[in-house]
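Everything on this sheet refers to the single structure shown next.
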Amino acid sequence: MDNLSAVLYGKADLRLEQREIPVAKKGELLIRVHTVAICGSDVHYLVKGSIGPFAVRDPMVIGHETSGTVEAVGEGVEGFAPGDRVAIESGIPCRVCFQCKSGSYNLCPDVHYFATPPVHGTITRYIAHPADFCFKLPPSISYDEGALLEPLSVGIHACNRAGVTVGQKVLVLGAGPIGILNALVALARGVSTVVITDINEERLATAKECGVHHTVNVKGLSPAEAREQVLAALGKEPDVAIDCTGLGSSIETAITTVRAGGVVTIVGIASDRCDLPMVAATVREVDVRGVLRYKNCYPTAVELVASKKIDLSKLTRAHYPLEQTVEAFERTQKGDVVKVFVRCDDSS
């Protein structure tokens with residue numbers, strides 16, 4: 001049987017090769033991968049060879065935003081059958097540490113997360129995965145949308161961390177896929193206004209098409225100038241700012257723009273360190289909160305998309321077969337669409 005896989009050997013070294021098909025162990029599903037959406041972190045590993053302390057030292061299958069079809073059911077698994085369409089949560093926590101038992105399994109120090117060295121990812125024909133981290137897709141959710149439930153879950157968790165709720169004004173910094181999905185989650189929660197910033201007019205236009213109320217191009221602007229543009233669009237200081245860039249200048253804009261007593265969540269990671277205006281945060285009691293992936297968000301993501309409270313149809317996209325994964329990554333770096341998908345199931 002064919003188990004063609006996209007394997008990253010190191011910086012700028014992505015190869016296609018056959019790997020052994022896994023077996024579904026007790027509590028697992030064997031899944032025929034259908035669609036994988038390429039994430040910015042996947043590109044970062046390809047271009048840089050590492051993200052922070054995680055470096056590609058051994059060959060690693062790339063990809064983690066995944067949907068597929070159940071091929072076989074392992075011992076002890078109930079509620080799944082061959083042919084079920086599923087979205088696949090990317091991390092497997094240890095389940096026994098303090099963080100897991102307290103519900104914050106995203107903070108588990110021993111989590112095995114797809115395509116985070118040395119853990120293999122999902123741009124491959126087949127994977128085996130714990131059934132309790134697989135979620136059935138209703139007929140109304142496509143494989144593309146199933147793959148997008150992973151980054152959508154990041155947006156849900158970020159909005160949870162920020163306490164986003166009805167009637168608020170929200171600033172999202174960065175109109176890439178994660179930024180737009182954060183904005184969509186905020187809109188689905190009934191906020192009054194969302195403004196999003198970026199330096200790319202095409203991305204800002206896509207955000208506007210998706211329902212974001214205001215866009216601000218911050219190219220060449222200082223944090224102070226960006227703040228004035230945001231305030232002009234909102235009419236007042238936002239209650240929440242969600243930074244999806246990780247850039248020091250963007251985080252400074254978030255901290256200095258949000259209202260006193262407001263919340264800034266940091267989703268994007270660009271570097272290990274950056275200078276921040278801590279006096280502005282401290283004297284105005286701005287809460288700065290980190291965001292790591294997500295926890296218990298997939299069921300909510302499924303409901304939001306299935307109920308059409310979040311419409312993913314306007315996110316521009318491109319599709320490539322598994323055999324053209326290298327070209328798919330090149331297309332992602334071009335940045336002319338929001339998401340590039342790799343179709344791994346050659347039978348569909």
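So which of 48/334; 169/236; 101/295; 236/308 end up more than 19 Å apart by C-alpha?
As for pairs spanning more than 19 Å Cα to Cα, those are 236/308.
Mind giving me the nanometre distance, one decimal, between the label points for residue 323 and residue 107, set 7 Å out from Cα along Cα→Cβ?
4.8 nm
Could you work out the relative contact order of the chain? I mean the mean sequence separation of Cα pairs under 8 Å and 6+ apart, divided by the number of residues, in percent.
17 percent
Are there any GluC sites (Glu not before Pro) in the range 12-59 that are in a DSSP loop and have at most 11 other Cβ atoms within 10 Å? List them by number.
Within the range 12-59, the qualifying GluC sites (Glu not before Pro) (loop, at most 11 other Cβ atoms within 10 Å) are 20.
Taking H placed 1.01 Å from N in the peptide plane, check which residues at least 5 places from residue 289 or on another chain put their amide H under 5 Å from its amide H.
The answer is 264, 265, 266.
Principal axis extents for the range 213-346, Cα atoms only, whole Å, descending order, please.
Largest to smallest, the principal-axis extents are 58, 35, 29 Å.
Scan around residue 215 for amide H atoms under 5 Å from its own, H built in the peptide plane at 1.01 Å from N, and keep only partners 5 or more places away or cross-chain.
Those lying under 5 Å, H to H, from residue 215 are 196.
Let me make sure I get this right: for the range 155-290, a, b and c are the square roots of the gyration tensor eigenvalues over alpha carbons, sorted descending. Under 1.5 in a/c it's rounded, otherwise prolate if a/b > b/c, else oblate. Which is it?
Note, shape of the range 155-290 comes out rounded.
Counting each DSSP H run of 4 or more residues in the chain as -39500 (n - 2.57), what helix-only mean residue ellipticity at 222 nm follows after dividing by all residues, to the nearest 500 deg cm²/dmol?
-8500 deg cm²/dmol
Among DSSP beta bridges whose residues both lie in the chain, state the antiparallel percentage, nearest 5.
Given both bridge residues lie in the chain, the antiparallel proportion sits at roughly 60 percent.
Taking the Cβ of each residue in 222, 41 as the centre, tally the other Cβ atoms inside 10 Å and list the residues starting with the fewest.
Ranked by crowding around the Cβ, least crowded first: 222, 41.
When the Karplus curve 6.51 cos²θ - 1.76 cosθ + 1.60 is applied with θ = phi - 60°, which whole-Hz ³J(HN,Hα) does each residue of the range 93-102 get, with x for Gly and Pro?
x, 6, 6, 10, 7, 4, 4, 5, 5, 8
Convex hull over the Cα atoms of the range 60-184, averaged projected area in nm²?
9.7 nm²
Determine the sum of side-chain charges near residue 168: Lys and Arg each +1, Asp and Glu each -1, restricted to other residues whose C-beta is under 13 angstrom from that of residue 168.
Surrounding charge for residue 168 is +2.
Please report the projected area of the chain's Cα convex hull averaged over all directions, in nm².
Across all orientations, the chain yields a mean hull projection of 16.9 nm².
Name all residues of the range 317-348 having a backbone nitrogen under 15 Å from the label point set 7 Å from the Cα of residue 2 along its Cα→Cβ direction, giving them as ranges.
Under cut-off, by backbone N: 320-325, 343-348.
Pop a pseudo-label 7 angstrom from the Cα along the beta-carbon direction at both residue 202 and residue 25 and give the gap in nm to one decimal.
Each label point lies 7 Å from its Cα, and together they span 4.4 nm.
Under DSSP H, which helices of the chain have Cα atoms covering 20 Å or more of the helix axis and a Kyte-Doolittle average no less than 0.0?
Those that clear 20 Å and a mean of 0.0 are 143-162.
None of the figures in this text is laboratory data; all of them are computed from the coordinates on show. From a predicted model like this one, the values you see are computed outputs, not experimental measurements. Cβ coordinates were reconstructed from backbone atoms using ideal geometry, including for glycine residues, and neighbour counts include every protein chain displayed.
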